[in-house]
Each structure stands twice: as structure tokens, then as C-alpha cells.
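Have a look at the structure below before the remarks.
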Amino acid sequence: GTNMPDPKYANLFDWAHPEVRQYRLSFLKELCQNYDIDGLELDFMRHPILFNNRTLVPERRAILAAFISQVRVLLDGTAAPGKRRWLCVHIPGYLSDYDELGIDLKAWAAAGIDMLNVSGYYFNDQQMEIAAIRSQLPPRVAIYDEVHFTSAVKNVPDTMYELRRATDQEFYTTAHLAYARGADGIS
């Protein structure tokens, strides 16, 4: 064994620390107080490592649900009278990723999210678990399938993937599958 930290956590803002959440919330507070925005999308997807490997799943879930609740309060408290500010969260389209990230869809719905933008990372993905995600949410929470302009064709040695531009047929098929599984739209 070694005491060397796992390199995937080396430059991580570890959300287990309250200071990290306050730092993130301070940016959102500035946006909400100084700009006439319609809402926010919290991106827990683009680099989906939020916690170090010492934080337990129940802690992760509680931390993110509390943060989302704080953001909802912030949005509601800074909105113009009679105006609703929307809260969207960008997350992976696979339930198997949720424990590591601390995603708890039911708690997030209770905390006041309005929509999810689900993604297959950087490529079109026609196999995301949209129906399973839908089953955990009340109908008022919209689900959008993030469609990308490229598709991963195959693994290529010494690179991640061979890419190709998505075709019109692929976009239509991806949208059709998303709607058939319970998505409300495409992003």
C-alpha cells in the first residue's frame, strides 16, 4: 500500500467540505442578485468527480440535496415578484453513476429541481436509462436528452474514440428513442 493520493482526485474541489459548497454558492448568488436570469443549470456532468474516495454515498447524497435546496431558496428569493426561476441539473444518463456522484433524484425533486439534462458524456447516446430516471421523478420535473454533434464509433488504440459527425437520421432516432422512454425534450 501507499499513501499517495489517487491522481483522479488530485485537483478536485471536494464537495464534502462546506467551504467548497459556499464558494460555488457565492457565484450563483452573484448571478441571481445582479442579473435578470430565467434560471440556472448546475452541471454535475462535465467533470463528474465531486467527492474524494473517502466520502460515503449517504453523505454525498445528503450534501448535494442540501446544496440544491439552497440554490432553490436562492432562486426563489431573488426572483422578481410573480416570476419563476428555473433550476436544471445536468447529470449522467446512467443510474450506475449516481452513487459516486451523490445523485438522489427523489431528494432533488423534493428540493425543487424543475428539470434534468441527461447526457451520455460527450457523444450521442441512445441507450441512456431515461425510463428508469423518469420513474423516480414526479411528472412536473422535465427530462431533456442532451444530443451531441458527434458519435463514438469505436475504441482506437492510443486515443479514446474514433468520432464521426452525427447524421440527421441519428438525431431523429435519438430524439424518437428519448421521447419513447419518457423524455420531455432534447437539448
Completion exercise
Exactly one of Ile91, Ile103 is crowded, with 20+ Cβ neighbours inside 10 Å and in a loop (DSSP other than H, G, I, E, B), and that residue is Ile103
Practice task
Out of the residues in segment 155-185 that are surrounded by fewer than 14 Cβ atoms within 10 Å (Cβ to Cβ) and modelled with pLDDT of 90 or more, state the one that is nearest to Ala110 (Cα to Cα).
Solution key: Gly185
Completion exercise
Reported set for segment 81-128 where residues are of a type in the set (Phe, Trp, Tyr) and under 18 Å from Ala66 (Cβ atoms) is Tyr98, Trp108
Problem - Residue tally, condition buried (at least 16 other Cβ atoms within 10 Å of the Cβ) and part of a loop (DSSP other than H, G, I, E, B), over segment 15-48 - result: 5
Exercise for the section: For Asp99, state whether it is in contact with a helix residue (DSSP H, G or I) (Cβ under 7 Å, 6 or more places away or on another chain) and of a type in the set (Asp, Glu). Expected result: yes
Handout entry: The listed residue being among the aromatic types (Phe, Trp, Tyr), part of a helix (DSSP H, G or I) and either under 23 Å from Gly185 (Cβ atoms) or at pLDDT 95 or above (or both), out of Tyr122, Tyr98
Key = Tyr98
Exercise for the section: Kindly indicate whether any position in segment 132-142 is open to solvent by 60 Å² or more (accessible area, probe 1.4 Å) and modelled with pLDDT under 95. Expected result: no
Fill in the blank from the handout: Residue hits (segment 49-84; open to solvent by 70 Å² or more (accessible area, probe 1.4 Å), assigned to a helix (DSSP H, G or I) and charged (D, E, K, R)) are Glu59, Arg61, Asp76
Problem - Matching residues in segment 118-135 - criterion: being under 15 Å from the mean Cα position of the chain (by Cα) and closer than 18 Å to Lys106 by Cβ - result: Val118, Glu129, Ile130, Ile133, Arg134
Exercise for the section: Please tell me if Ala152 is modelled with pLDDT of 95 or more, closer than 23 Å to Ser96 by Cβ and open to solvent by 30 Å² or more (accessible area, probe 1.4 Å). Expected result: no
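The values are calculated or read from the model by the stated rules, or taken from the named source; none is laboratory data. Owing to the predicted nature of the structure, the values given are computational and were not obtained by experimental measurement. Backbone-built Cβ (ideal geometry, glycine too); neighbour counts: all protein chains shown. Ligands, DNA and RNA are stripped out before the accessible areas are found, and what is left, the full protein with its side chains, is counted by its heavy atoms. Shrake-Rupley method; radii C 1.70, N 1.55, O 1.52, S 1.80 Å.
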